[in-house]
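Reading through the structure tokens given below for one structure.
The values are calculated or read from the model by the stated rules, or taken from the named source; none is laboratory data. What you are looking at is a predicted structure, and each value in this text was computed from that prediction instead of being measured. As a convention, Cβ positions derive from the backbone with ideal geometry for all residues, glycine included, and neighbour counts pool all protein chains shown. We work out accessible area using only protein heavy atoms, side chains counted, and drop any ligands, DNA or RNA first. Shrake-Rupley method; radii C 1.70, N 1.55, O 1.52, S 1.80 Å.
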Amino acid sequence: ARWPKIKPLETITEAPVLLPDGTVLDVPGYDEGTGIFYEPNGDYPRVPVSPTRAQLDAAVAELDDVLSDVRFEHPHHRAGFFAALLTPLARPLVNSPAPIFLFDAALAGAGKGKLARIAAIIGTGRAPAATQFNGDNDEMTKCLTTFLSAGDRIILFDNVVRKFGGAALSSVVTEPYWRGRLLGQNRSWSGPVNATFFATGNNITLDAQIIA
């Protein structure tokens, strides 16, 4: 429902984000064009309208410094990390699903959980909302509904130990809107899927529905 005198609120962000017109929302307050409310949780610098090459290089150098102790096995693994970091920032640009980002390793203690949290903190200003992956479809539906209704911008499935996928997870990452029953409550919620999904684990096995 829409009420003429009440502004629609699509989401709240605590860090700057890209808007559909290509500009950066970095001024606190309500954006009329998108319904996004920006309430910074830190002292973020203003983003230049036309950044110079030197400014871009300096920004990349700062990120590389954060990742100085990270050993990516291949260059495309590093590219995948940057995609995970940048997707939450660019989420308002597209009214379509975003991919799940896997932080996978061959053994425990490799730092995949820390890397996922670094991406979330840089991208949103806070650590991700973490939960365990449950292979039960009904329970996953309730879990996803609860996190989405809370407005969490990144949802992390931490330490996946079983085959990752299923009908509920496949649906939430392929549809722009979601409806389901809330966890522990006898009521439903429906709304847009504005979150980005991360998962960590050792040698994660993917369900065929997720691969497709």
- Item | When residues of the stretch 90-109 are limited to those that are of a type in the set (A, V, I, L, M, F, W, C) and open to solvent by less than 40 Å² (accessible area, probe 1.4 Å), the one nearest to Trp178 (Cα to Cα) | Ala98
- Item | Subset of the stretch 154-166 (residues that are at pLDDT 90 or above and either crowded, with 22+ Cβ neighbours inside 10 Å or hydrophobic (A, V, I, L, M, F, W, C) (or both)) | Ile154, Ile155, Leu156, Phe157, Val160, Phe164
- Message: Looking only at the stretch 4-22, filter to residues that are among the charged types (D, E, K, R) and free of Cβ contacts under 8 Å to residues at least 24 places away in the same chain; which one of those is most open to solvent (accessible area, probe 1.4 Å)?
- Response: Lys5
- Task: All but one of (1) hydrophobic (A, V, I, L, M, F, W, C); (2) assigned to a helix (DSSP H, G or I); (3) touching a helix residue (DSSP H, G or I) at 6+ places or on another chain (Cβ under 8 Å) hold for Ala127, so report the exception by its number.
- Result: (2)
- Taking first residues from the stretch 110-139 that are open to solvent by less than 70 Å² (accessible area, probe 1.4 Å) and second residues anywhere that are among the aromatic types (Phe, Trp, Tyr) and assigned to a helix (DSSP H, G or I), the pairs with Cβ under 9 Å that are 6 or more apart or on different chains are Leu115/Phe81; Ile118/Phe81; Ala119/Phe81; Ala119/Phe82; Ala129/Phe147; Thr131/Phe147
- Message: Scan the stretch 53-66 and tell me whether some residue there is surrounded by fewer than 16 Cβ atoms within 10 Å (Cβ to Cβ), touching a Lys or Arg at 6+ places or on another chain (Cβ under 9 Å) and not hydroxyl-bearing (Ser, Thr, Tyr).
- Response: no
